[in-house]
Amino acid sequence: MYERKRQSKDGISQEDSIPCVISTSSIDLQNAIINNYVPTLSEILYKNRVINRSLSAVLRKGKEHYFCKMRYERLVEYLKNSKKAVDRDLFEKLNSFNLRNSIDLDEYKGLKNHIVQKINVPKNCDKSCPRFKDCEYMKYMEYARAPFHDFQVCNHNYYLADAVKRAKGRQMLIPEHSIDIIDEAHKLMDAARQILVKSFSGEDITIMSNMISSNLKGKKSFQNSAKLKLERLCLLRTKFFRRLISNINREIIDDDVSQIGVTIGYHEREILVEMLLQISNIKDYCSTIISKSRELEMMVLEIEQQLENILKTNDAVYWLENPGNESLIAIRGVPIDLEYQLYQLLWRNGIPKIVTSGTLSDDLGFDYFKRNTGIDLITPSKTSQISYSSPFDYNKNALLYISEKVPFPDKQCDLFIEAVAEEIINLVDATWGHAVILFTSYTLLSKVYELARSRIKYPLFKMDKSQRNIVEAYKNSGNGVLFATGSFWEGVDCPGDILSSLIIVNLPFPTPTPIAEYKKEQFDTMGKFIDSIVFPEMIIKLKQGIGRLIRCETDTGVIAVLDFRISKKGRYRQRVLKALPDFEVTDSIDDVRDFIRKVKEEDYFKDVGAKIDF
């Protein structure tokens, strides 16, 4: 409202007002802003005559989220004429979605990602498209950029992608705006690493080669020569990744390690140069084929740019992803001065910003977050900070149980695994189910699950990498028990009694990554590195995990931490307790049982869900 009044004084009409940008991490929050928060705020302000028209907010997403009519019609035409059973099934599936009702593909639940990639708006979508004038996506983009919107709502990746385009003087994704609100800002650096990453995937070479091969026509000699050139490129790709893999310790590759650090040396660079020369050779030889497909042209150009970016960048930390899968292996890297680059992109572009989240601070305040995002490089007089206590009464509505029965964490130690399983069984019994057990390691989750599953009498769920709807099944169980990891640490909302016991097996210290290894080298001692980087990251993630329990003023429940390191003999007890809300603390299972009896209604204790094992 301040901005509206200021713009009005400057002669800008409300119809042409400069919008505010709201950037968040989760789509759920973006939808809530669009569908609930802005309409509610608008109604209040309009009734009190603060505004003379309703507030307007529009959701901004990348083009890959939207429906392309031309690509859809081409796919349908192919499927209709195909005699393959799998194609006929896909044709029926597509018809069942009524895709023409909305161009937002996210609205079609159950639409698999591999199908979305065949019918979404391609990266190379521009005015050269024959359907450009009648394109529904282009019409939506025109609407989204209209000046009557008060709020442009997007995720952090889209927000940063716009900032990159602005910095390079390219066409902007978001219209000029007066102020930025960055909510869920604890996820900003994750988005920055994705946007500013330098990457190359071996699969891209395969896709490009297959597209060119499938369109080869003409003399047999030409086709054979073209295929040899493509095979040569694929061999160079394989040689590059195999050389990188040969320099790493294969024993560290497991389910819990997603990034393995590598160095691109002289010989690896030679192979990349050979690849670029081979791509140039293929472009010249197959120029007629490539020029007929805008999508193929853009793919070849993108691969060239990826390889060139890696070659010309020396100051970056690189790692391999999917090193055990030769068809999906990829190399990624981020600049070592990422914090400074973020400062240049965001904090000195002249647009005022409000940065907010429930978990920006660790036990010592905001210093870690500011260092990590480049905010500490801003002149102090141009920033201010404030911290508010939670509106929830944790002392009354929650109990913190810290185990004294589990030894020091070691997922290879049978005694540790057995002690964790025993504590979980006792806690689940004391809270009549209604529990989520949070792990930092999928390997440990599986081992404990196998030990405990036969002794838990409530509906039992195990979060699997391939199962998507397990959280919804848990929510509908009434009194189930979910073994979870990964995404459940943040962003999952289970209000009410279904989640009344949150059991955190280990303090969520960050998994070693190449970026962390690089940062460690910047410190004189391991202790300083832990205090400055590792511990703050752990505290922030712990607060995010604990935040899963109390989601509204009426929620009640127990938080249990089974990590020896915050037991009475543990070295981190005082620092962790200082960072958390004012909980009552216990190490007694009987206290847990009594607390649940005190805060829950009788309906809570009914045997809602029969024993099920998912």
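For this structure, a couple of remarks:
- Cross-link partners for residue 598 among the aspartates and glutamates, with Cα-Cα distance under 17 Å and sequence neighbours closer than 8 places in the same chain left out: 393, 429, 497, 553, 555, 584, 590.
- Loop GluC sites (Glu not before Pro), the range 464-567, which have at most 12 other Cβ atoms in a 10 Å radius of their Cβ (DSSP): 521, 553
- Pairs exceeding 21 Å between alpha-carbon atoms, taken from 118/220; 61/370; 69/133: 118/220; 61/370.
- Base-10 log of normalised Debye intensity for the range 476-542 (one unit scatterer per alpha-carbon) at q = 0.14, 0.20, 0.25, 0.26 Å⁻¹: -0.57, -0.86, -1.15, -1.21
- Theoretical FRET efficiency, 1/(1+(r/R0)^6), r = Cβ-Cβ of residue 396 and residue 588, R0 22 Å, to 0.05: 0.75
- When every Cα-Cα distance of the range 110-168 is counted in 5 angstrom steps from zero, the calculated P(r) takes the values 4, 12, 15, 21, 24, 18, 5, 1 percent.
- Each other residue within a Cβ distance under 13 Å of residue 362 adds +1 if Lys or Arg and -1 if Asp or Glu, for a net charge of +2.
- Charging the Cβ of each Asp and Glu at -1 and of each Lys and Arg at +1, and nothing else, the dipole of the range 198-335 about its Cα centre rounds to 860 debye.
- Pair residue 302, residue 144: separation of 7 Å Cα→Cβ label points (nm): 1.7 nm
- Pairs of lysines in the range 386-507 whose Cα atoms sit within less than 19 Å of one another amount to 9, provided the residues are eight or more positions apart or on different chains.
- Using alpha carbons only, the radius of gyration of the chain set against its Kirkwood radius gives Rg/Rh = 0.98.
- Kirkwood hydrodynamic radius of the range 198-335, from inverse mean 1/r over distinct Cα pairs, in Å: 15.8 Å
- Length-normalised contact order for the range 404-476 - Cα pairs under 8 Å, 6+ apart - percent: 25 percent
- Relative contact order %, the range 70-217, counting alpha carbon pairs below 8 Å whose residues are six or more apart: 17 percent
- For the range 394-605, alpha-carbon Rg over 2.2 N^0.38 Å: 1.00
- The range 421-529 - Kirkwood radius from inverse mean 1/r over Cα pairs (Å): 15.3 Å
- Simple spin-label estimate for residue 213 and residue 168 gives 3.1 nm between the two label positions (7 Å along the Cα-to-Cβ direction from each Cα).
- Per-peptide packing, taken as the mean over residues of other Cβ atoms within 10 Å, places 572-583, 384-395 in the sequence 572-583, 384-395 from highest down.
- Relative contact order of the range 394-605, pairs being alpha-carbon contacts under 8 Å that are 6 or more residues apart, as %: 34 percent
- Label separation (residue 524 vs residue 348): 2.9 nm, computed from points 7 Å beyond Cα along the C-beta direction.
Coordinate-derived values only; no laboratory data. Keep in mind it's a predicted model, so treat the numbers as computed, not measured. Cβ atoms come from the backbone with ideal geometry, glycine included; neighbour counts cover every protein chain shown.
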